[in-house]
1. Which one is farthest from the chain's Cα centre (by Cα) among residues in region 37-72 that are aliphatic (A, V, I, L, M) and at pLDDT 95 or above?
2. Give the residue that is nearest to THR196 (Cα to Cα), with candidates limited to residues of region 209-241 that are free of Cβ contacts under 8 Å to residues at least 40 places away in the same chain and of a type in the set (D, E, K, R).
3. Which of (1) closer than 18 Å to MET164 by Cβ; (2) touching a residue at least 60 places away in the same chain (Cβ under 8 Å) is the odd one out, the single condition ARG197 does not satisfy?
4. Would you mention how many residues in region 38-90 are in contact with a Leu (Cβ under 6 Å, 6 or more places away or on another chain) and over 15 Å from CYS111 (Cα atoms)?
5. Go through region 69-81 and count every residue that is in contact (Cβ under 8 Å) with a residue 60 or more places away in the chain and not charged (D, E, K, R).
6. Only one residue in SER63, SER119 is in contact (Cβ under 8 Å) with a residue 40 or more places away in the chain and crowded, with 21+ Cβ neighbours inside 10 Å. Which one?
7. Does any residue of region 74-91 turn out to be more than 27 Å from LEU208 (Cβ to Cβ) and either surrounded by 13 or more Cβ atoms within 10 Å (Cβ to Cβ) or not assigned by TED's automatic domain parsing to the domain that holds HIS144 (or both)?
8. For residues that are buried (at least 19 other Cβ atoms within 10 Å of the Cβ) and modelled with pLDDT under 75, tally how many sit in region 122-145.
Amino acid sequence: MSLEISSHHHLDISHIKSSCATCSLRELCLPVGLNEHEIQVLGDVVSHKRKVQRGGYLYRTGSKFQSLFAIRRGFLKTCILEQDGRQQVTGFHMTGELLGLDAISTELHTCDAVALEDSEVCEIPFAKLEEISRIIPSLMRHFHKIMSREIVQDHGVMLLLGSMKAEERLATFLLNLSRRFLIRGYSESNFYLRMTREEIGSYLGLKLETVSRAFSKLQDENIITVDNKHIKINDIARLKMKMGNSTCVP
């Protein structure tokens, strides 16, 4: 199937650039200096939007891999089901991040992707990426960079958490969220947690009671203020000190 744009199909270039401003896919079009036709081609590939209601599945473990997904708005978690029936959370994903990278090698999804709030994603059919790379070769190189960075970030988080105590793990988790919110133009010190403490515990490898105690300790020290799911970081420098010997947040 050709990716040529029909004469009646017109895309608002300014709208595309605006909608991509907070998206991880922005590097596919904004800095590369594409011409109008190339932006139309790109827009045609990623223009399929898909809404996922809270609690709904974007994809399930074992389903056939066909597309990658860029989160336009919302928050999702990825998780796997353990043999004993427990759910293991493997990641949290916010606006502007990519989902589906786990399935590229096996062509089957290795986890479930579940919306933590009403969300919307851009669907990028993977087969079309090969075709669009022939039309705009520089896009594939930039796309590979984006995929690599997402994978490295996930691995970096897990490597740091492996040798940390509970309070250090929670501090790393909050700082990681803070940095990701800041990159997308949101407040780094005031944000809402879309996930439950139980889900945080699953991701960090901690029991629910341990997570609650770690939150309480950070609040008692006035490093953070917790109001239900609202988090206010009062002292980012002291929160970073809680990470122990770790010097960076993935």
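The values are calculated or read from the model by the stated rules, or taken from the named source; none is laboratory data. Owing to the predicted nature of the structure, the values given are computational and were not obtained by experimental measurement. Every residue, glycine among them, receives a Cβ derived from its backbone with ideal geometry; neighbour counts consider all protein chains shown.
1. Here is the first cut: in region 37-72, the ones aliphatic (A, V, I, L, M) are 39, 41-42, 45-46, 52, 58, 68, 70-71.
Still in the list and also at pLDDT 95 or above: 52, 58.
Values: VAL52: 15, LEU58: 13 Å.
Top of the filtered list is VAL52.
2. This residue is LYS229.
3. Unmet condition: (2).
4. Qualifying residue count, region 38-90: 6.
5. Residues in region 69-81 being in contact (Cβ under 8 Å) with a residue 60 or more places away in the chain and not charged (D, E, K, R): 2 in total.
6. Numbers: SER63 fails: crowded, with 21+ Cβ neighbours inside 10 Å.
Exactly one of SER63, SER119 is in contact (Cβ under 8 Å) with a residue 40 or more places away in the chain and crowded, with 21+ Cβ neighbours inside 10 Å, namely SER119.
7. As a first pass, look at region 74-91 and keep what is more than 27 Å from LEU208 (Cβ to Cβ): none.
So far as region 74-91 goes, no, none of its residues is more than 27 Å from LEU208 (Cβ to Cβ) and either surrounded by 13 or more Cβ atoms within 10 Å (Cβ to Cβ) or not assigned by TED's automatic domain parsing to the domain that holds HIS144 (or both).
8. To start, the set of residues in region 122-145 that are buried (at least 19 other Cβ atoms within 10 Å of the Cβ) comprises 122, 124, 132, 136, 139, 143.
Filter once more, keeping what is modelled with pLDDT under 75: 139, 143.
Qualifying residue count for the region: 2.
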